[in-house]
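In what follows, a structure is listed as structure tokens, so that the remarks can point back to it.
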Amino acid sequence: MLVRLLQVKKHKERGLRGKIAQIDYRHKELKALQAELKTNRLHLWEDWRKRCNQTGVLDHSKLMTFKSVMADLYRRDLQMGEENSQLQERQKKLMAERLELSSALQKNRKEQEKLKYLIEDEMSANQHK
């Protein structure tokens with residue numbers, strides 16, 4: 001009976017380790033997405049600065065085009081900022097889930113150790129009979 005329970009605990013441990021590995025993989029993916037987003041946002045800011053540093057006189061048509069482009073850059077920057085916030089929130093949730101699973105794994109390991117001691121005690125008691 002105890003041996004079967006130990007087997008179940010070991011199976012649960014493998015499942016927990018698998019889930020933790022999946023979370024680690026997803027976290028790595030989110031980090032890569034965040035790095036890509038940061039790079040894209042830096043390029044956007046560079047484009048913004050270049051356009052702001054343009055000199056010369058603009059006629060009405062060119063001014064409207066300039067304003068439209070700048071508004072689009074601003075909108076994209078806001079969108080990227082929101083995406084970054086969402087990525088950070090997803091990372092926080094993943095890390096909270098990982099912490100919870102790690103605690104469950106640690107508890108499972110302790111329970112396995114207890115079962116091993118009980119099995120050893122039972123075996124030594126049976127040998128003395």
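The values are calculated or read from the model by the stated rules, or taken from the named source; none is laboratory data. In this text the structure is predicted, and so the values were computed from the model without any measurement. Glycine also receives a Cβ, built like all others from the backbone with ideal geometry; neighbour counts cover every protein chain displayed. The accessibility values were calculated without ligands, DNA or RNA, using every heavy atom of the protein model including side chains. Shrake-Rupley method; radii C 1.70, N 1.55, O 1.52, S 1.80 Å.
Return one whole number: the accessible area per residue of the chain in Å², for a 1.4 Å probe.
Accessible area per residue, the chain: 79 Å².
Could you order peptides 104-115, 41-52 by the average number of other Cβ atoms within 10 Å of their residues, highest first?
Descending mean neighbour count gives 104-115, 41-52.
Between LYS38 and ALA96, what FRET efficiency follows from the Cβ-Cβ distance if R0 is 22 Å, with the result rounded to 0.05?
Computed FRET efficiency for LYS38 and ALA96 comes out at 0.40.
The range 82-129 to the range 9-77: how many Å between their Cα centroids?
Cα centres, the range 82-129 to the range 9-77: 37 Å.
For the chain, what is the calculated [θ] at 222 nm in deg cm²/dmol (nearest 500), taking -39500 (n - 2.57) for each run of four or more DSSP H residues and dividing by its residue count?
Here the helix-only value at 222 nm equals -35000 deg cm²/dmol.
With N denoting the number of residues in the chain, provide Rg(C-alpha) divided by 2.2 N^0.38 Å, to two decimal places.
So the Cα radius of gyration is 2.06 times the expected 2.2 N^0.38 Å.
Note down the magnitude of the dipole of the chain about its Cα centre, charges +1 on Lys and Arg C-beta and -1 on Asp and Glu C-beta and zero elsewhere, to the nearest 20 debye.
340
Given a 1.4 Å probe and every protein chain left where it sits, what share in percent of the accessible area of the chain is carbon and sulfur?
55
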